[in-house]
1. Name every residue in segment 88-106 that is open to solvent by 60 Å² or more (accessible area, probe 1.4 Å) and of a type outside the set (D, E, K, R), in order of residue number.
2. Please go through segment 251-262 and pick out each residue that is of a type outside the set (S, T, N, Q), in contact with a Pro (Cβ under 9 Å, 6 or more places away or on another chain) and either farther than 13 Å from Ser215 by Cβ or within 11 Å of ligand 1 (Cβ to nearest atom) (or both).
3. Being more than 16 Å from ligand 2 (Cβ to nearest atom), open to solvent by 50 Å² or more (accessible area, probe 1.4 Å) and assigned by TED's automatic domain parsing to the domain that holds Pro115: is that true of Val72 here?
4. May I ask you to list pairs of residues, at least six apart or on different chains, whose Cβ atoms are under 8 Å apart, with the first in segment 273-290 being over 21 Å from Ile253 (Cβ atoms) and the second being polar (S, T, N, Q)?
5. For the condition within 16 Å of ligand 1 (Cβ to nearest atom), in contact (Cβ under 8 Å) with a residue 12 or more places away in the chain and either more than 20 Å from the chain's Cα centre (by Cα) or part of a helix (DSSP H, G or I) (or both), what is the one hit in Asn218, Asn265?
6. Go through segment 125-152 and report how many residues are modelled with pLDDT of 95 or more and either within 15 Å of ligand 2 (Cβ to nearest atom) or among the hydroxyl-bearing types (Ser, Thr, Tyr) (or both).
7. Does at least one position in segment 344-353 carry a residue that is farther than 26 Å from Glu219 by Cα, part of a helix (DSSP H, G or I) and out of contact with any strand residue (DSSP E or B) (no Cβ under 7 Å at 6 or more places or on another chain)?
8. Lys203 passes all but one of (1) in contact (Cβ under 8 Å) with a residue 40 or more places away in the chain; (2) exposed (fewer than 15 other Cβ atoms within 10 Å of the Cβ); which number fails?
Amino acid sequence: MNISVIGAGYVGLVTGACLAEIGHHVICLDVNKEKVEMLKSGKSPIYEPGIDDLLQKTTQSGHLSFTTDYPVACEKAEVIIIAVGTPSRPDGSADLSALQDVAEKIGFHARHDGPIIVTKSTVPVGTNRKIRSWLNTHQTGKFRIASNPEFLREGSAIHDTFNGDRIVIGAEEEETAKRLEEMVAPFGVPILHTSIESAEMIKYSSNAFLATKISFINEIANLCEKLGANVEDVAKGMGMDQRIGSSFLQAGIGYGGSCFPKDTNALVQMAGEMEHDFELLESVIHVNAKQQVKLVQMAKKRFKDLKGKRAGLLGLSFKPNTDDIREAASMEMINLLLDEGVQVTVYDPVAQENVKSILGSRVIYADHCFEAIEDQEMLFIATEWEEFKVLRLKTISKLMENPILFDGRNCFSVEEAEGAAIDYYSIGRPAVIHSVLKTPHSE
Ligand code: NAD
Ligand code: UGA
């Protein structure tokens, strides 16, 4: 099949490359010329496990190519997939301006014998209907529209595409749904057919539910700290109940990324427009905001005054195996620490360049994780990269001037902390305090 994907970001690029891998002819279009030049030269603009090899394979076989040119992308396409960003507006609602721009351009350039226009971007319920009218802004075409929300996770995007739990296809006509089913059938993933509105809603509900699980376990973790329970054992015990399930019960410093924060806010906004108060989801969002800054609050309690102190911070991306720092807890923490007058040294195996473009020289960038630990008066872990989990607390303790670790992702066991000369604060587990340190414990 000839397919075009508009927007070559995390979703568009992975989708395009995976569709090319299963034998389709795919053209990815992006407005960002630099990005397209980079892709044409065989380099991936994003860090995603497996993407370099897949791009090489599919471009060399002639199944995948890149362009900035709409006539080139639209000329032959039987299916055009829209995968541009739908970021939050200041009021939390989804900004659909890129989507509208794309739809109007597709409407102008696409074949007029009924190509299927598929929306993969996460869009508020009702948007696909608007897309139909945007497609017809410049001239009236015979477009078929469909919603095909994406469920991949960054860091395992290619794996998720081939091993997803479901593919949702929301379409009006049976023929459109069947054609799209044929397109994705080689992935071997179960397919659910729904109306367009239900498909759009499935995407928001899924993200909102996962975010709810995270905020729920984080609140349980906060209680565990006060009641002397261990949240990891609690989550394990809860997860063994198949009705609950064990995934997404990892307590930490909250969810970040380009989607959970944006999509939960958009759903609250969508509910508000229907005069429905989505109180549950508002609480989920509120709990998450508090959780992201929890470690800095702990440090403030420990040190009373943070001014002039030196801190190391490991992990900048919103989760491991990605360079994406959108809504990452690390960024909230760094900004708070800087406001408190702390000198911050950061380290991340892949996300450092992205942080540099935002924070510039306001923080110090270490070339190795040891450099971010050495001689520090406190250390924070914001992302559970494998590189940090294999460190030993005894090593960290020796490197630091004042070995106090605030671990936002529970990378180490409480038992290990008990055997190392380090004060160890984690999430939902008892703090381990050794009285030998220079900075006394405040309680
Ligand atoms: P992204 O920001 O990484 O990529 C969007 C791309 O679209 C960029 O390369 C940008 O240059 C391009 N673009 C913007 N305006 C354009 C235009 N007018 N014409 C052509 N290209 C244009 O975004 P993403 O993370 O890939 O997310 C895309 C959509 O998919 C969002 O709605 C998001 O909510 C949804 N989604 C994302 C993920 C994820 O893991 N990132 C997963 C599921 C769904
Ligand atoms: C999430 C969903 O998992 C995908 O299904 C969805 O397609 C995507 O959003 C999207 O719509 O963009 P992603 O944001 O890439 O994927 O990453 P997740 O693995 O879901 O993690 C999101 C955040 O939740 C991370 O900050 C992670 O640290 C946090 N998290 C996750 C927890 O704190 N605890 C957990 O148990 C799981």
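1. Pro90, Ser97, Gln100
2. Lys262
3. Yes; evaluated as a whole, the condition is true for this residue.
4. Pairs found: Leu280/Thr212.
5. Residue meeting the stated conditions: Asn265.
6. Residues that pass the stated criteria total 7.
7. Yes, segment 344-353 contains a residue that is farther than 26 Å from Glu219 by Cα, part of a helix (DSSP H, G or I) and out of contact with any strand residue (DSSP E or B) (no Cβ under 7 Å at 6 or more places or on another chain).
8. Going through the list (1) in contact (Cβ under 8 Å) with a residue 40 or more places away in the chain; (2) exposed (fewer than 15 other Cβ atoms within 10 Å of the Cβ), Lys203 breaks only (2).
The values are calculated or read from the model by the stated rules, or taken from the named source; none is laboratory data. This is a predicted model, so every value here is computed, not measured. Glycine also receives a Cβ, built like all others from the backbone with ideal geometry; neighbour counts cover every protein chain displayed. Ligands, DNA and RNA are stripped out before the accessible areas are found, and what is left, the full protein with its side chains, is counted by its heavy atoms. Shrake-Rupley method; radii C 1.70, N 1.55, O 1.52, S 1.80 Å.
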